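The values are calculated or read from the model by the stated rules, or taken from the named source; none is laboratory data. The structure displayed is predicted, hence computed values, not measured ones. Neighbour counts run over all protein chains shown; Cβ positions are idealised from the backbone, glycine included.
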């Protein structure tokens, strides 16, 4: 794993990278402060960086595909700019502190979390679920009208503003632009993806009726399928896991008595049919049927004072009867190319940006900013003024460099640091020798179970002694991928030292995150033998 070095750095002379929000297979997401944001624009932004080497060195074909998909995400976001779709604010190609070239997108920062976290934390009433669903339908319908199919609609990709009043569709990384006939890529999320592009989809038995049909074509009905599964989650608070690649045919028992249950179920069942042509063909049609299915009787919206609410006025719930004008939406930035080779020979504004530590970003002279050629830094040419539009001209950073501490004080500081480091080494050596000789504090004996000296082999089954984090690898430095609750039954897949790779066979209580993994590495001292 080769992560980019961007935290506490300034990118492109304007973005102060504050923290890493997460990492995917080939991308890293950071929150940053835009020090050059225009009036009315948000100062806090998100930087999505493409890191093709995050999983090791890729082959050239895969790298080209990743770069092309990254560019397509930017193109898709520019096409579908809407108050209910996350906005792209910028892009670029830069070089990090370790001289690695990467591409990046700048998008809105939405601190309200995603819709799945909101629903799992507190179930939504029917009106609240419809309020959010209408916004999602507005944004998705707008995307379809502009030839973009999202292909990964799910609650985790529906982000909320800080007041949790506005939803925006995010993550167009696998979006299809101008979909047509031909091979359909297998993408999406297992629980929500339509069968025609499901990541785990396989070729089924041949149907003679299909011989006369045209080759299957990706249409907006694929997104409507995912939208219907998302609607199930909003209304019930549960992921539609048991309906993966199947139509929704039943609501949870506690909702069966609701007046709207039967009508809504018919809409969801139609929208999740296996064959795309049997579903709703437009998002508007799906929304009209859901709205009608949940409406007890026809009635006008009422203002708090009892009058009929007009266009743009809030009704008795505090919601407006239109969804326009929400959130920040600026004019799109220039279209991205992400082409490392096609840079102007005159060193104009299209050259790569640089990542510099924030503490050194103030007062940078444009003549001291080196150019990048082939990923290597070159010494600045003396006596040559920078061309117009370079770093200092565009950003206007003219503050004086922070004064350095006196040289004598600096020498004392270095000496103190060396003394502390040497003392630490001596203490560590002392502790090591004591442990080897068995002198010092008695170590606590491990609990009876897998960590009490018993040989652990693949295929053994144990119970967890407490809530145990499942990790990607045999060490606490690896990221958490799931949770085995206290008392869960697990099966050992392989052993590495005091760590075991296990699979959760039976959870002791319902999972807090339905999409979390059931397989990962745990410390075997946290396991006990089954009685």
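In this structure, is residue 105 surrounded by 21 or more Cβ atoms within 10 Å (Cβ to Cβ), touching a strand residue (DSSP E or B) at 6+ places or on another chain (Cβ under 6 Å) and within 16 Å of residue 168 (Cα to Cα)? For residue 105, the condition - surrounded by 21 or more Cβ atoms within 10 Å (Cβ to Cβ), touching a strand residue (DSSP E or B) at 6+ places or on another chain (Cβ under 6 Å) and within 16 Å of residue 168 (Cα to Cα) - is not met. All of (1) in a loop (DSSP other than H, G, I, E, B); (2) farther than 22 Å from residue 140 by Cα; (3) modelled with pLDDT under 90 hold for residue 245 with one exception: (2). Residues in region 438-459: is at least one modelled with pLDDT of 70 or more and touching a strand residue (DSSP E or B) at 6+ places or on another chain (Cβ under 6 Å)? Checked against the condition, which is being modelled with pLDDT of 70 or more and touching a strand residue (DSSP E or B) at 6+ places or on another chain (Cβ under 6 Å), region 438-459 yields at least one hit.
Listed by position, the strands (runs of 3 or more DSSP E) enclosed by region 87-168 include none that has at least 3 residues that are at positive phi and outside the structural domain of residue 357 (by TED's automatic domain parsing). The listed residues are 93, 52, and the only one of them that is within 22 Å of residue 479 (Cβ to Cβ) and either modelled with pLDDT under 90 or buried (at least 16 other Cβ atoms within 10 Å of the Cβ) (or both) turns out to be 52. The number of residues in region 496-530 that are surrounded by 16 or more Cβ atoms within 10 Å (Cβ to Cβ), touching a helix residue (DSSP H, G or I) at 6+ places or on another chain (Cβ under 9 Å) and either over 12 Å from residue 456 (Cβ atoms) or at pLDDT below 90 (or both) comes to 1.
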